Structures are given as structure tokens and as C-alpha cells.
Amino acid sequence: MQWHRITHRVGTLMLCILLGSSGVWADKTFQALYQYVEQTYGRAAATRVKAWKVLINTHKTQSEQAQLKLVNDFFNQVRFISDQKHWGKKDYWATPVEMLATDGGDCEDYSVAKYFTLRELGVPMAKMSLTYVKAIKLNQAHMVLTYYDKKGAEPVILDNLNKQIKPASERKDLKPVYTFNGESLWLAKARGRGRLVGKSSRLKLWVDLVERIHQEGK
């Protein structure tokens, strides 16, 4: 199995602002957010969110490889819980703040939180994709974050099932289905880049997620 490399160009200013830029949780905004979390979810929740902000603020100058491990380990501490049990919905994509405040999430939430946190740390959007896969042993759909060190490189997988970051070729238990990032949605296939099937704005859950991220703390 080969995991294709995704290449794209940001197509609109709005997507660039919402999905391509880092600094969403600037310090001034974060203070209001921290107060909101403490009032809504309690002090323990606010402490978890603050630890996340400290991670972002103190590791921006580290290598991307070090950042990958820090972020992967940080979010993999959060308990796994299904959307139905957690949110009373079949499918709900939580923001990183919602995930940390409630100390729970499923595979999409882990992947989304890692993606946006690495963006805050300065990792380029072009190096990352959110990838739907089939978890073969579990026989179910699953989401992971894929990271490409450079063009043409084999990606590594950030996952909550196997908590070690490994090259895609070592994840025989996963079969890629489709992948997307800030702009584009692709069908994965064994060879080649894959077929572009539409903008990620087609994914209502993704659009709703981004809107909620930019409303947090306001």
C-alpha cells in the first residue's frame, strides 16, 4: 500500500484566513477563552486548556519532528469516547478547546486537534492532511493525521490507536480512503496523487468546526 502525496494551492482569501494561517488562539483572545472555559467547564478543564496554550507558546522554535511528538503525545492523553455518548450525536467534530475542556474525543477530534495545534506551532498546511482510513483490524472507518516532511516523501502517521508516530508503510493495519486539508478533498488510491473530488467546504462538519473555532472566546 502506498500513501499518495497531496499537493494543492490555497484558492481563496477566506480559506487562507480561516484554514491556512496560524495564530488563531492569540494571547489576548486566549485570556477570554480561558475565562470562558473555567466558567463553563470548571477549573480542571481550564487547566488542561492552559497546558495546551503553554505547549504552543514554548515549542514554536523546536524542530518539526519534535513538535510532532509533543503534540501527538499531548492529545493522546485525552480519553477516547464516542460522539454518541459524549455529545448525543452520531457525528460531531469537536474543536481542540472542546476536546480538552471535556477531556474526551474520538478519532476525528484527535486528528483535528493535532492538525490545528501544529499549524499554531508553524507547521505549514501543505505538509499535513487529515486522512480517512479503514482500520482493518477493527473493520471500521478511522481518521489519522498524515505529515509529509517534504515533497515526494513518505508520510508519517499521527494516530490515537497506535500512539507511536510511524511511516505509512509500517501501518499495514490502515487502508487510506480519502484525504483533505484546508482546501481540497481527494480520493486516496494505491498509486498516484488520487482524484480530486471537491472542496473540503463540502464537508459540513469541517465548515462548522472552523466557524466554531473562530467564535471561541468571543
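The values are calculated or read from the model by the stated rules, or taken from the named source; none is laboratory data. Every value quoted in this text rests on a predicted model; they were computed, and no experiment measured them. We place every Cβ from the backbone using ideal geometry, glycine too, and count neighbours over all the protein chains shown.
Of note:
- Residues of the range 80-138 that turn out to be of a type in the set (Lys, Arg) and more than 23 Å from Tyr36 (Cβ to Cβ), as a count: 5
- Set Phe74, Phe116: member being modelled with pLDDT under 95, assigned to a helix (DSSP H, G or I) and within 27 Å of Val207 (Cβ to Cβ): Phe116
- Whether a residue is surrounded by fewer than 18 Cβ atoms within 10 Å (Cβ to Cβ), touching a Gly at 6+ places or on another chain (Cβ under 7 Å) and under 25 Å from Tyr148 (Cα atoms) was assessed, and Lys60 passes this test.
- Every residue from the range 25-57 that is hydroxyl-bearing (Ser, Thr, Tyr) and more than 27 Å from Tyr147 (Cβ to Cβ): Tyr34, Tyr36, Thr40, Tyr41, Thr47
- Applying a threshold of 6 Å to beta carbon distances and a minimum spacing of six or more residues, or different chains, the list of pairs starting in the range 205-218 at a residue that is part of a helix (DSSP H, G or I) and ending at one that is at pLDDT below 80 reads Trp206/Ser200; Val207/Ser201; Val210/Leu18.
- Screening Ser129 on (1) more than 23 Å from Leu55 (Cβ to Cβ); (2) at pLDDT below 95; (3) not charged (D, E, K, R) shows it passes everything except condition (1).
- Residue count for the range 82-113, restricted to those that are touching a Leu at 6+ places or on another chain (Cβ under 9 Å), under 18 Å from Trp52 (Cβ atoms) and not in a helix (DSSP H, G or I): 3
- Qualifying residue in the range 185-202 (condition: among the charged types (D, E, K, R), out of contact with any Pro (no Cβ under 8 Å at 6 or more places or on another chain) and modelled with pLDDT of 80 or more): no
- Of all the criteria given as (1) at pLDDT below 90; (2) farther than 17 Å from Leu205 by Cβ, the one not satisfied by Asn181 is (2).
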